[in-house]
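The values are calculated or read from the model by the stated rules, or taken from the named source; none is laboratory data. Treat the numbers as computed from the prediction; the structure is a model and nothing was measured. Because the Cβ atoms are built from the backbone with ideal geometry, glycine has one as well, and the counts that use them run over all protein chains shown. Surface areas here come from the heavy atoms of the whole protein model, side chains and all, with no ligands, DNA or RNA. Shrake-Rupley method; radii C 1.70, N 1.55, O 1.52, S 1.80 Å.
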There are 2 protein chains.
Amino acid sequence: MSSRKSKQPTIWDIAIKLNVSISTVSRALRNAGDINPETKKAVLEMAEKLDYQPNAIASSLRKSKTSVIGVMVPEFIHPYFPRVILGIQEIANAMDYKVIVMQSNESYEIEKQNIQAMFALRVDGLIMAVSRETTDFEHIRSIQKKGIPIVFFNRVSDELVGSKVVVDDYRGAFLAVEHLILTGCKRIAHLAGPDKLTMSINRRNGYLDALRTHGIAADGRLIMHSDFVEGRARTYMQELLNNPDRPDGVFAVNDPTAIEALICLKDNDVRIPDEISLITFSNAPHSSFVSPSLTSVVQPLENIGLVAVQLLLRQIDEGQYFTPETVTLDTELVVRKSTRNLAD
Amino acid sequence: MSSRKSKQPTIWDIAIKLNVSISTVSRALRNAGDINPETKKAVLEMAEKLDYQPNAIASSLRKSKTSVIGVMVPEFIHPYFPRVILGIQEIANAMDYKVIVMQSNESYEIEKQNIQAMFALRVDGLIMAVSRETTDFEHIRSIQKKGIPIVFFNRVSDELVGSKVVVDDYRGAFLAVEHLILTGCKRIAHLAGPDKLTMSINRRNGYLDALRTHGIAADGRLIMHSDFVEGRARTYMQELLNNPDRPDGVFAVNDPTAIEALICLKDNDVRIPDEISLITFSNAPHSSFVSPSLTSVVQPLENIGLVAVQLLLRQIDEGQYFTPETVTLDTELVVRKSTRNLAD
DNA sequence: AACGTTTCCGGAAACGTTCTCGGAAGCTGC
DNA sequence: GCAGCTTCCGAGAACGTTTCCGGAAACGTT
């Protein structure tokens, strides 16, 4: 009959039991000054006894600050974004910020909705990687205009202002290819990404410059620009193998590409790394599933998150006096079994 | 000098411009009744013009309802939980609920903190898989006592009351092993999980009963109970191979175990599936990385999320009159290349 | 012309906090 | 015994909504 929607205890309940005012209770709970240690103790005990839990909603409303930062990523099926989020959460929690995560599922529409939702929840700031579908950025600018700080990572656009944290694609690629050269590869192919993507371009340039630096002439036939459709990389790898003068090293633009190449090489009974070495620019911290395990250039995933949060919090604190920064993080070469030893 | 912390427009701003009351604006915005279509139109236009975005915080406070459901998972590095969350988000969004995701990182302490945080944010309900570390459930019961509905999935405990959605481990295992038998395997090993975990036990029982049903005697030496430490499964697989009478079929309790077994088999130059068939009880929808691709029993991941949300929303609506339900979902056998054909 | 209904709107109280302000005690020093 | 401090506390206004309630106007009915 009576729907007894069990109400949560509030600072009022504490105040009444103790015969003090709610201001006093509030002060005690936030351990602000202006309070007698004894009353404070009494309040804390009563709070404990009533199992009082502060209402963040009310607090946020009053303070016009939620202490929540939103994170929006295209997806978290693949291990890349989850790792970054881990880094974000770690430091955010340490700074007494809550993190809420949403995924756009690579859809512009959902991204737009989520941005709205995040703003409706009045997050103090936003860390995001835009969806692959997104070409129009008005929804993002719109909430930037409203004063919400945003830090971008991974998928960044020159059309947007704001802090950004990215990895050094060029240098990473350079390192990877140089490693192939130093371990004896003479004829190095590149399974590249779409040739309009800045990321692909930077990595290809790294590849080219590594060759040049070490006096190896680039051969256009060894560069295969794939869209990222499943199976494409495999086809290209097969083409490379069908060629009379096969490469003796392959630099793959990312993990999925490398895996396809690997499968193709195995199907052709090519010995790795003896006949052909394989190296990849990796998103994930390890590719331990596969055998042989892949030598790769890896990104400092947790670090990306960490830096992003730091930039965001600074912007939250400094407000409009903050000027956006772009931080470029370095990659690291992790040598595994798909390339030869330096000693060779 | 003046910190001009740009305030967001509120219903007040709209009301003043239009010379109406905030009640009217509110009614127009929520398209409630009791409003003249023309005034409503005017309000909507003005809202658009001022770029008004509702303040969910204030609304939640007033309504004592946030329309947010919390999701807490141990991690989302592996593809399992992200898939489930996808299912959750899809239906939750359709029902005008926002989803916020947190991960406990398999830590009891973080889980506890996150539960607090979720409650502080006054989520309307919670969908969770408890962390591996969690053996004490007081923090969960505590907020259940406060009236927050919770639906558990994947990691459930008999010690907790509440709706649960799980998959039929027994039946899935049965199907898997039966498939091995039907494709000609006579001597089937089981790389099992920890023998105290209900999940492991159920899957092992499915294995045993499948053998029994088809008149095959179980052999204790063919059952290897692994803890889930990396490398263990590989060792056990090697042991099985060292044995004079090798198995001709292997049922792996999960994907990582299967992958290790696969690598071991390849290293021993065992032909799959001709010499030994391999089947796995899978978390992920596919294991397409590996070659040969693995025949597996898969869980309806998106469905788990979907069912969980439905249960939760019913509980939110029906309140205390709701009685918890446990839903057991069926698995599906997906035949790939690591088992022989039925025709054989 | 009086009355009942419907349609629309405004006032004002909530929701649970935070925080400014002022003021009542109690203390010090002279 | 008074001025000035310090220490502690309460009153009350905000934050931006929703929603109950009452009432004014407009309409229809007899």
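Quick notes on this one:
- Candidates B:76, B:119 - the one that is surrounded by fewer than 23 Cβ atoms within 10 Å (Cβ to Cβ) and facing chain A (nearest Cβ under 7 Å): B:119
- One residue from A:3, A:59 being within 14 Å of another protein chain (Cβ to nearest Cβ), modelled with pLDDT of 95 or more and within 14 Å of DNA strand D (Cβ to nearest atom): A:59
- Pair list, Cβ under 7 Å, 6 or more apart: segment A:162-174 residue under 19 Å from residue A:205 (Cβ atoms), other residue assigned to a loop (DSSP other than H, G, I, E, B) and of a type outside the set (D, E, K, R): A:166/A:156; A:167/A:299; A:167/A:331; A:168/A:331; A:171/A:331; A:172/A:331
- Residues that are in contact (Cβ under 8 Å) with a residue 24 or more places away in the chain, closer than 30 Å to residue B:156 by Cα, out of contact with any Gly (no Cβ under 8 Å at 6 or more places or on another chain) and away from DNA strand C (no atom under 13 Å from the Cβ) within segment B:38-79 comprise B:67, B:68, B:71, B:72, B:73, B:74, B:75, B:76, B:78, B:79, listed in sequence order.
- Which listed residue is open to solvent by 30 Å² or more (accessible area, probe 1.4 Å), within 20 Å of the chain's Cα centre (by Cα) and modelled with pLDDT of 90 or more, from B:112, B:65: B:112
- Scanning segment A:193-213 for residues that are at pLDDT 95 or above and loosely packed, with under 13 Cβ neighbours inside 10 Å yields a count of 2.
- Contact map, segment B:324-341: residues that are closer than 18 Å to residue B:254 by Cβ and polar (S, T, N, Q) paired with residues that are open to solvent by less than 80 Å² (accessible area, probe 1.4 Å) and outside any loop (DSSP other than H, G, I, E, B), Cβ distance under 6 Å, separation 6+ or inter-chain. Pairs shown: B:331/B:167; B:331/B:172; B:331/B:297; B:338/B:278; B:338/B:295; B:339/B:277; B:339/B:279; B:339/B:295.
- Residue check for residue A:239: assigned to a loop (DSSP other than H, G, I, E, B), out of contact with any strand residue (DSSP E or B) (no Cβ under 6 Å at 6 or more places or on another chain) and open to solvent by 60 Å² or more (accessible area, probe 1.4 Å): no
- Unmet criterion (only one of (1) aromatic (Phe, Trp, Tyr); (2) in contact (Cβ under 8 Å) with a residue 24 or more places away in the chain; (3) more than 7 Å from every other protein chain (Cβ to nearest Cβ)) for residue B:137: (2)
- The set of residues in segment A:11-27 being more than 10 Å from DNA strand C (Cβ to nearest atom) and hydrophobic (A, V, I, L, M, F, W, C) consists of A:16, A:18, A:20.
- Candidates in segment B:28-37 are the residues that are more than 7 Å from DNA strand C (Cβ to nearest atom) and at pLDDT 90 or above; of these, the one that is nearest to residue B:9 (Cα to Cα) is B:29.
- Hey, residue A:256 assigned to a loop (DSSP other than H, G, I, E, B), in the same structural domain as residue A:185 (by TED's automatic domain parsing), crowded, with 16+ Cβ neighbours inside 10 Å and not polar (S, T, N, Q) or not: no
- Enumeration of residues in segment B:158-192 that are over 25 Å from the mean Cα position of the chain (by Cα) and either among the aromatic types (Phe, Trp, Tyr) or open to solvent by 20 Å² or more (accessible area, probe 1.4 Å) (or both): B:178, B:181, B:182, B:184, B:186, B:187
- Index of the failed condition, residue B:273 passing every other in (1) surrounded by 17 or more Cβ atoms within 10 Å (Cβ to Cβ); (2) more than 14 Å from chain A (Cβ to nearest Cβ); (3) more than 30 Å from the chain's Cα centre (by Cα); (4) not in a loop (DSSP other than H, G, I, E, B): (4)
- Residue tally, condition more than 7 Å from DNA strand D (Cβ to nearest atom) and crowded, with 17+ Cβ neighbours inside 10 Å, over segment A:30-39: 0
- Here is the figure for segment A:79-98: residues that are open to solvent by less than 10 Å² (accessible area, probe 1.4 Å) and either of a type in the set (S, T, N, Q) or under 14 Å from the mean Cα position of the chain (by Cα) (or both) total 6.
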